[in-house]
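The values are calculated or read from the model by the stated rules, or taken from the named source; none is laboratory data. Only a predicted model underlies this, so the values are computations on that prediction, with no experimental measurement involved. Cβ placement follows ideal geometry from the backbone for every residue including glycine, while neighbour counts extend to all protein chains displayed.
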Amino acid sequence: MTDHSKSILVEPEGGRHYDMRSMRARFLADEDETAARYSISEWWLAPRSDGPGAHSHAEHDDIFYVLAGAVSFLIGENWTVVETGGFVRVGRGTVHDYRNDTDGPARILNIYIPGGFERDMPAIVDWFSRNP
């Protein structure tokens, strides 16, 4: 059993990595480490690339912090550009997506509340590999 009161340390190249064509993710804290309170991941988007596609989460909030570049976010029916240092909170049940419309790479930090998003990653990676 994991002791959830302990600190989590992830080295710069550590974590669990997932590649999906022009998008890749690194999970830093999963539900096993956080008692399912949250999951934290870092996402890279190649220049001029789409994100995961419009979707919503019935029981989870998504928090995004733009670490580098500019990311276009769909929130409900509206797209908006969020630059480095910008923050987005998408409440449960809200349709959302993101993409990189720029000529440079973009990077975002994602906090998923409550945790468990990492359970879906193998199926998501598989979907991207079958749908080029």
Applying the selection to region 64-86, what residues are more than 13 Å from residue 45 (Cα to Cα), outside any strand (DSSP E or B) and not charged (D, E, K, R)? 76, 84, 85, 86
Flag if residue 82 is surrounded by fewer than 19 Cβ atoms within 10 Å (Cβ to Cβ) and modelled with pLDDT of 95 or more: no
Just checking, how many residues over region 87-110 are part of a loop (DSSP other than H, G, I, E, B) and not β-branched (Val, Ile, Thr)? 7
Criterion: hydroxyl-bearing (Ser, Thr, Tyr), under 24 Å from residue 31 (Cα atoms) and surrounded by fewer than 18 Cβ atoms within 10 Å (Cβ to Cβ) - qualifying residue of 49, 56, 41: 56
Picking from 48, 37, 89, the residue that is over 26 Å from residue 132 (Cα atoms), of a type in the set (Lys, Arg) and at pLDDT 95 or above would be 89
Among the residues listed as 126, 97, 103, the single one being touching a Pro at 6+ places or on another chain (Cβ under 7 Å) and surrounded by fewer than 15 Cβ atoms within 10 Å (Cβ to Cβ): 103
Of the residues in region 32-74, those that are closer than 16 Å to residue 124 by Cβ and of a type in the set (D, E, K, R) come to 42, 50, 62
